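The values are calculated or read from the model by the stated rules, or taken from the named source; none is laboratory data. Worth saying up front: this structure is predicted, and the values here are computed from it rather than measured. Here Cβ is always computed from backbone atoms with ideal geometry, including for glycine, and neighbour counts include all displayed protein chains. In case anyone asks, the SASA skips ligands and DNA or RNA and just uses the protein heavy atoms, side chains included. Shrake-Rupley method; radii C 1.70, N 1.55, O 1.52, S 1.80 Å.
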Amino acid sequence: DKRLQVNNRKLQEQIVDDIYEPMKEALDSGLIDSKTLLDAFSTFPARLKKYLSDKFTASPVADIESFIKEAERNTKNDPASGYSDAIKLYQHSKPRLASLAKVLDEDDYQLETLKTGVAKTMQQCAVAYHNELIKNDDDPGEECLELCKLAYGVCSTGTIGETLREDIQHFEEWIEDKPSREKQEATREHI
């Protein structure tokens, strides 16, 4: 009768849920992958495909965003921890980025934004770490080079890719120049 109102959107989402729930066990056990399941929904409206893909992406996206904020906060509070913060960010983000790459297209805006965020945060951690250790006359060149190379592996495109290439070159030159700096240090007292 007139009292019953069907919400098409909710009904469509319920159908997706009814299909997804039994398939979840097969996904978890590796019998099928998320890309195959998403391809099975290719004839569904884009909104419903997005609704389904969000089931795969919501948790990894939230995790990565949390890791980025944590690394930024920790490095801001203690720049000397920049190296360990960046390594931790890399180690935690890499498997989640890989799982997102299985679900999302390689040129997906959300995936690119996350990769850029991880790489940029790692680069910022490397710079903060470098600047802090230089104050104490330590030489963090090799660690910073390692961080920049790892960050470049995460995202080598766009402005951050260009910045990381420049940083890699800078730190390689910094490492090559180490003997010269050591000679200058030895003569500093005499000067």
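Each Cα pair under 8 Å and six or more residues apart adds its sequence gap; the mean of these over the residue count of the chain is a relative contact order of 17 percent.
Using a probe radius of 1.4 angstrom, the carbon and sulfur fraction of the accessible surface of the chain is 51%. Ligands, DNA and RNA excluded, the heavy atoms of LEU31 present near 140 Å² of accessible surface to a 1.4 Å solvent probe. Mind scanning LYS120/LYS183; LYS94/LYS135; LYS24/LYS115; LYS55/LYS94; LYS55/LYS115 and naming the pairs with a C-alpha gap bigger than 29 Å? From LYS120/LYS183; LYS94/LYS135; LYS24/LYS115; LYS55/LYS94; LYS55/LYS115, over 29 Å: LYS120/LYS183; LYS94/LYS135. Based on the Cβ-Cβ distance from GLU112 to ALA80, what FRET efficiency comes out when R0 is 45 Å, to the nearest 0.05? Efficiency, from the Cβ-Cβ distance: 0.90.
The mean sequence separation of alpha-carbon pairs under 8 Å and at least six residues apart, normalised by the residue count of segment 1-86, gives a relative contact order of 19 percent. Note that segment 110-191, at 4 °C in a medium of 1.567 mPa s, gets a Stokes-Einstein diffusion coefficient of 95 µm²/s from its Kirkwood radius over C-alpha pairs.
Model label points for ASP17 and LEU31, set 7 angstrom from Cα along the Cα-to-Cβ axis, are 2.3 nm apart.
Between GLU173 and ASN136, the FRET efficiency from the beta-carbon distance, with R0 = 25 Å, is close to 0.70.
For LYS76, a cut-off of 19 angstrom between C-alpha atoms picks up these aspartates and glutamates, skipping any fewer than 8 places away in its own chain: GLU65, ASP85, GLU132, GLU143. Helices assigned as whole DSSP H runs in the chain whose Cα atoms extend at least 24 Å along their own long axis and whose mean Kyte-Doolittle hydropathy is -1.0 or higher are found at 46-77, 82-103, 109-135, 158-176. Projecting the Cα atoms of SER84, SER59, ASN74 onto the dipole axis of segment 50-89, where Lys and Arg carry +1 and Asp and Glu carry -1 at the beta carbon, places SER59 farthest toward the positive end.
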